[in-house]
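**Student:** My questions all concern the structure below.
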Ligand SMILES: Cc1cc2nc3c(=O)[nH]c(=O)nc-3n(C[C@H](O)[C@H](O)[C@H](O)COP(=O)(O)O)c2cc1C
């Protein structure tokens, strides 16, 4: 059945591929065009220390200060995030691509943490020295959506590094943002 035309200016639709029933591949391609900040999520506690690179991080509200992180349930860090009930979001500075790579690959946990220097920001979840911002969070809610769990974290402490350029992920590669 032919779909009705979208109400868009002709000049816009001429060059555009419009996918009305997107599959996961099309969705990933579209999301590859969305620039994101790059973060390393860490956790520590009874279940031990773990960490991973993540771009699926968003502010939820400043009252109370709350953010969310979307974590695939098969990642090595997932069980520790659930059991520890707390995490730290470290927003990477422009020169921290090596840290992003260490936490984004299939690297052993201890090797990942060797890529940076860490300090304790209130909860025990490692905060990264030199990160633009670090947010120590306690998990207040978690729910599953498809392959991922969304962790809501109430921010209990903030670490601010020196203001500098940021690391971004865009079109399947790392980019830097000027301050
Ligand atoms: C730039 C980048 C962004 C990523 N963002 C996410 C994310 O938001 N959520 C997620 O679950 N995994 C994300 N990943 C994948 C995890 O970092 C990855 O699964 C994990 O660190 C490596 O797998 P393992 O920990 O199971 O060995 C990202 C990886 C990269 C390189």
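**Student:** Being farther than 16 Å from residue 65 by Cβ, in contact (Cβ under 8 Å) with a residue 12 or more places away in the chain, buried (at least 17 other Cβ atoms within 10 Å of the Cβ) and over 17 Å from the mean Cα position of the chain (by Cα) narrows it down to one of 100, 115, 131, 93, so name that one.
**Tutor:** 115
**Student:** Are there any strands (runs of 3 or more DSSP E) wholly within region 87-160 with 3 or more residues that are farther than 21 Å from residue 76 by Cβ, away from the ligand (no atom under 15 Å from the Cβ) and modelled with pLDDT of 95 or more, and if so which?
**Tutor:** Here the list reads 133-145, 148-160.
**Student:** Additional query: So, residue 164, is that one away from the ligand (no atom under 11 Å from the Cβ), part of a loop (DSSP other than H, G, I, E, B) and in contact with a strand residue (DSSP E or B) (Cβ under 9 Å, 6 or more places away or on another chain) or not?
**Tutor:** yes
**Student:** May I ask you to verify whether residue 105 is touching a strand residue (DSSP E or B) at 6+ places or on another chain (Cβ under 9 Å) and either under 12 Å from residue 51 (Cα atoms) or buried (at least 17 other Cβ atoms within 10 Å of the Cβ) (or both)?
**Tutor:** Taking the combined requirement at face value, the residue satisfies it.
**Student:** All but one of (1) over 18 Å from the mean Cα position of the chain (by Cα); (2) more than 16 Å from residue 43 (Cβ to Cβ) hold for residue 121, so report the exception by its number.
**Tutor:** With (1) over 18 Å from the mean Cα position of the chain (by Cα); (2) more than 16 Å from residue 43 (Cβ to Cβ) applied to residue 121, the lone miss is (2).
**Student:** Something else now. Restricting region 62-86 to residues that are more than 19 Å from residue 143 (Cβ to Cβ) and away from the ligand (no atom under 15 Å from the Cβ), which is surrounded by the fewest Cβ atoms within 10 Å (Cβ to Cβ)?
**Tutor:** 63
**Student:** Would you check which residues across region 28-61 are away from the ligand (no atom under 14 Å from the Cβ) and farther than 15 Å from residue 153 by Cα and list them?
**Tutor:** Matches in region 28-61: 29, 30, 33, 45, 46, 47.
The values are calculated or read from the model by the stated rules, or taken from the named source; none is laboratory data. Note that the structure is a prediction, hence the values are computed from the model and not measured. A quick note on method: Cβ atoms are made from the backbone with ideal geometry, for glycine too, and the neighbour counts reach across all protein chains shown.
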